[in-house]
1. Report, in debye and to the nearest 20, how large the dipole of the protein assembly as shown comes out about its Cα centre when Lys and Arg carry +1 and Asp and Glu carry -1 on their Cβ.
2. How are the alpha carbon pair distances in chain A distributed across 5 Å bins from zero to the largest one, expressed in percent?
3. Helix A:27-42: angle to the longest alpha-carbon principal axis of chain A, degrees 0 to 90, nearest 10?
4. Distance cut-off 21 Å, Cα to Cα: go down the list B:Lys295/C:Lys106; B:Lys102/B:Lys317; A:Lys212/C:Lys106 and report the pairs above it.
5. Would you please name the GluC sites (Glu not before Pro) within segment C:61-101 that are DSSP coil residues with at most 11 other C-beta atoms within 10 Å of their C-beta?
6. Measure out, as a whole number of angstrom, how far apart the alpha-carbon centroids of segment A:117-147 and segment A:222-237 sit.
7. Measuring from centroid to centroid over Cα atoms, what is the spacing of segment B:105-145 and segment A:59-106 in Å?
8. What residue among C:Ile119, C:Phe86, C:Leu102 has its Cα farthest toward the positive end of the dipole of segment C:67-140, where the charges are +1 on Lys, Arg and -1 on Asp, Glu, each on the Cβ?
Amino acid sequence: MNDKQNFEIKPMGECAIHIIFGTAINPTIHKLVKGMSDYLETHTFKGFVEYIASYTAVTVMYNPYVVTKAYSLDNSHRVYEYLSGLLSEYATKAGQMPATKPDIVEIPVCYGGEYGPDLEQVAEYHHLTTEEVIKIHSSGEYLVYMIGFCPGFPYLGGLDKRIATPRRESPRLAIPARSIGIAGEQTGGYPISTPGGWNLIGRSAVEMFDVKNTKHPSLLKAGDIVHFKAISCEEYKVIRGNAK
Amino acid sequence: MSLKIMRPGLLTTIQDLGRYGYQKIGVLVSGAMDQYSLRLANLLVGNPERQGALEISLTGPTIEFTADTLIAITGADMCPVIDGWPVATLRPVAVKAGSVLKFTGCKSGCRAYLAVAGGFEIPTVMGSQSTYLRAGIGGLEGRALKHGDILETGTPNEYGIQMSRLLLSRGARSFAAAHWCIGVVHTTPARLALPIRITKGLQYDGFTEKSKTDLCTQGFKVTTSSDRMGYRLEGPILKPIEHIEMISEAATLGTVQVPPSGNPIVLLADHQSTAGYPKIAQVSFVDVARVAQYKPGDTIYFKMITNAAAEDLYIKKEQYMENVKIAIAAKL
Amino acid sequence: MLTLDEIKDLMQSVDASGFTTFKYNTEDCSLVLKKGTTSVVTTSPSLTIADKPISKPATDEERIVEITAPSVGTFYKSSEPGAEAFVEVGSVVKENTIVCILEAMKLFTEIEAEVSGEIVEILVKDGDFVEYGQPLFKVKTK
């Protein structure tokens, strides 16, 4: 990392550029990532396709052909060189933007049993009881670092190290929708059924993604604060109503 | 004008070039696995390149055309037949009302594309007609085609109308194919034997020297667990120098990631926007279409190239597409 | 060298005529057309016409035809593990009888016989990975 700038730029193939703001999950680096994302919402370039924000980086995808034509580039001035210069300027300016105030969202979760098949394994791994794991998980305050992996899937930070558990060796081919899981230092929820390698500890009673909600299809967005509330199976069934 | 789906085939879905701009809320891009074949099929019937078309995998559908329709079939050689007669691919074909199209076998490649002049009357969801199967978004009700489906087609543009008229003017029983076709098919066995060109992934340096060597000298078999999300490969085990517990970061089309089992996964059209396994390589964009034409049981070889070379390949391919577009337009 | 369209024209003419067999020979091409079969045969080296992957009959009165795989995949003889097999040796099949399932990329296709007759041999085992064109069943037809 350069002294003068708090980011590093790397190519990710020939159609994407990775702008790295740090190597750890923490609110300070998140602020830089969020700042860059917010800046890209209003400042792009010809050939820009979209960006993905992750814990520590913003990845910008582009069409090299459109960029070449739009900026009259040739062999001596390659697309990557041109865009890394441009994005470097953007990242510097983004770092000077003011931070935005977060929304707070409470998610009711039924832990363990059929909804959390890996809860016992997680407890065993840490020599804790399942009740202790539930108490630790549901008393945390979590920052939504990013939405990714599948529609509405939140990557949450703030997981207590006492229950941080490595990803499963082989990913499951199908995880039930709304499952809440742990992988390494991360926790989050699966809004839809998808393959994945996380350890599943419970299930959310509310939808995390609804395509019919055209204004806000995703329950969460990057920058939100999340609290999990432990509920019983009965309460879970009441909230779900006729839905599964 | 419509297509009646009599038999759906293994996996037939509506795809265009993908759903862009929503990866930040985790909505995948989806779209055609072999984008070049989809674009060419559209150009052959006068459609915009990104129009929705049918992506047909391994076992093709049986389709009845209720009206005269201009179509084009590109991609894998799946032996299309209308009323018993073989249908030439890679060119516009005017099909007469009442004809029934079947695909009798997948000889080479894995995915074929069927475009109709005017496209399909399917609503766009978040700007795209592509089907994202796992989330049930887009395409026809968010799912693969099934028996009994009726697909309404749109109105062909001037090119589609004129080309159809031109072909049918020579007289035809069930259909009339153009005498010309586009060349350079990357689904032939000879072309599929060429290595897939890759660039270094973000965590490439974290892998052992043996893994780096094996990656570009040994074959990797496409397993039967492969699908639109990614191809799970089996070959020499790829190992990092020491365990890399990754922090989830962006994944893009063609990312080659390596889970702890050491068997790499090539991420394809329905890839997730972020991934947690170390990335050893990136398939060059132009070769993603070729990966998509491998079938379970096939063996893939990789070849490392520089980012600059990958950029050149991309640009040259786009120049080729522009030239083909002009050549097709001139055929009227 | 005959073009595809010329061959098609010839086929239509033969079809419309009373001839059942038509032979055409030149230096570089030999063409035989027989009415009543579903295959077109040409030895012109630069033309390939897709054939339905069913092999030729053995005798006049009864023929053994093969049902072949229309794509790669894993062969399953029943709809799910433990269920009854779709067909056994001795089963009578019609053209739309489902004879097996091919699984590929985690998806399943039901394969129809496309011929009528009696299953005389099953050539693959449950769970075998099969290639395009690989014979799966032998069927005795009339």
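1. My answer is approximately 940 debye.
2. 1, 6, 13, 16, 16, 14, 11, 9, 7, 4, 2, 1, 0, 0
3. The angle comes out near 60 degrees.
4. B:Lys102/B:Lys317; A:Lys212/C:Lys106
5. Of the GluC sites (Glu not before Pro), the ones in loops of segment C:61-101 whose Cβ has at most 11 other Cβ atoms within 10 Å are C:Glu61, C:Glu84, C:Glu88, C:Glu95.
6. 13 Å
7. Segment B:105-145 and segment A:59-106 have Cα centres spaced 31 Å from each other.
8. C:Ile119
Each reported figure results from applying straightforward, stated rules to the coordinates on display, with no laboratory input. All values reported here derive from a predicted model rather than from experimental measurement. Quick reminder, even Gly has a Cβ in these numbers, built from the backbone with ideal geometry, and neighbours come from all protein chains shown.
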